[in-house]
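Enquirer: Let me give you the structure first, and then I'll get to my questions.
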Amino acid sequence: DKPGKKEHINTAEFYNNRFEATSIDSNDIRLQYAASALQAATASRNYYEKARALLNLGIAYNHQYRYNKAMESFLKAKSIADSIGSSELSSSFFHNMGQLYLDMRNTQLARDYYLRALNVRKTDENPRYLAETLNGLALVSWLSGKLDTALVYLQQTLKIAEAVKNAEGISK
């Protein structure tokens, strides 16, 4: 190990974790955390944390309605996820692209990306991510006027939230 490399890795992970732990209502702070994570991950050549930072940047840009910058960040993250073979990062990319298109009210592309995320997340060990994607599909179905389908997705989401005792997920 080079001196300082481990420090950069921990710094990138720290800022990515801070981003995820901070409320979406604090988007300016989240944007700073994502930028700091990206800088530290780039310096340490930690591609996993770099992809996470790019995904987080995209999420923050999406919350600012800066859709082009969000998409640019997501696509860079996907390229890294593919190069390191991370299905976790790929499923996050698909989910976040679904959210981006949902926010832009392009329900067809949102549905396509959420379904791609769902295919990967079915095998994921973290049911919270699966529930998030199912919830996204419920919103897409609702906006598309497919209320019966939306209800099926919501019932699946509720079942997962109850199984893992996720009070926030149950209330949503």
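The values are calculated or read from the model by the stated rules, or taken from the named source; none is laboratory data. What you see is a predicted model; the values in this text were computed from it and never measured. Quick reminder, even Gly has a Cβ in these numbers, built from the backbone with ideal geometry, and neighbours come from all protein chains shown. Side chains included, ligands, DNA and RNA excluded: accessible areas come from the protein's heavy atoms. Shrake-Rupley method; radii C 1.70, N 1.55, O 1.52, S 1.80 Å.
Enquirer: For a Förster distance of 30 Å, can you work out the FRET efficiency between the beta-carbons of Ala21 and Lys146, rounded to the nearest 0.05?
Expert: Working: r = 35 Å, r/R0 = 1.15.
Working from the Cβ atoms, E equals 0.30.
Enquirer: Once the piece of chain linking Ser87 and Gln108 is laid out straight, how much longer is it, given 0.36 nm per residue of separation minus the C-alpha distance between them?
Expert: Values: separation 21, 0.36 × 21 = 7.56 nm, distance 2.32 nm.
So the extension gain works out to 5.2 nm.
Enquirer: Let me ask something else about it. Taking Cα atoms, how many degrees apart are the long axis of helix 67-84 and the longest axis of the chain, rounded to 10 and kept between 0 and 90?
Expert: Compared with the principal axis, the helix lies near 70 degrees.
Enquirer: Still on this model: Shape of the stretch 55-172 from its Cα gyration tensor (a ≥ b ≥ c, root eigenvalues): rounded if a/c is under 1.5, otherwise prolate when a/b > b/c, or oblate?
Expert: Details: a/c = 1.84, a/b = 1.30, b/c = 1.42.
Cα axes put the stretch 55-172 in the oblate bin.
Enquirer: If each DSSP helix of 4+ residues adds -39,500 (n - 2.57) and the sum is divided by the residues in the chain, what number results at 222 nm, nearest 500 deg cm²/dmol?
Expert: On the way: 9 runs with 141 residues, N = 172.
It lands at -27000 deg cm²/dmol.
Enquirer: Number of Lys pairs in the chain with C-alpha atoms less than 23 angstrom apart, excluding same-chain neighbours closer than eight positions?
Expert: The result is 16.
Enquirer: For Ser90, Ser79, Ser36, write out the residues from largest to smallest accessible area, computed with a 1.4 angstrom probe and no ligands counted. Let's see the in-between values first.
Expert: Numbers: Ser90 15, Ser79 75, Ser36 35 Å².
So the residues, ranked largest to smallest area, are Ser79, Ser36, Ser90.
Enquirer: Taking the Cβ of Val152 as the centre, find all other residues whose Cβ is under 13 Å away and add up their charges (Lys, Arg: +1; Asp, Glu: -1).
Expert: Details: positive: Lys146, Lys159; negative: Asp148.
Residues close to Val152 contribute a combined charge of +1.
Enquirer: May I ask you to rank Asp112, Asp82 by accessible area, largest first, using a 1.4 Å probe over the protein chains only? Don't skip to the answer; put the middle values down first.
Expert: Numbers: Asp112 60, Asp82 90 Å².
Result of the area sort, largest leading: Asp82, Asp112.
Enquirer: Something else: Taking the Cα-to-Cβ direction at Ile29 and at Tyr47 and moving 7 Å from each Cα, how far apart do the two end points lie in nm?
Expert: Each label point is offset 7 Å from its Cα along the Cβ direction, giving 3.4 nm.
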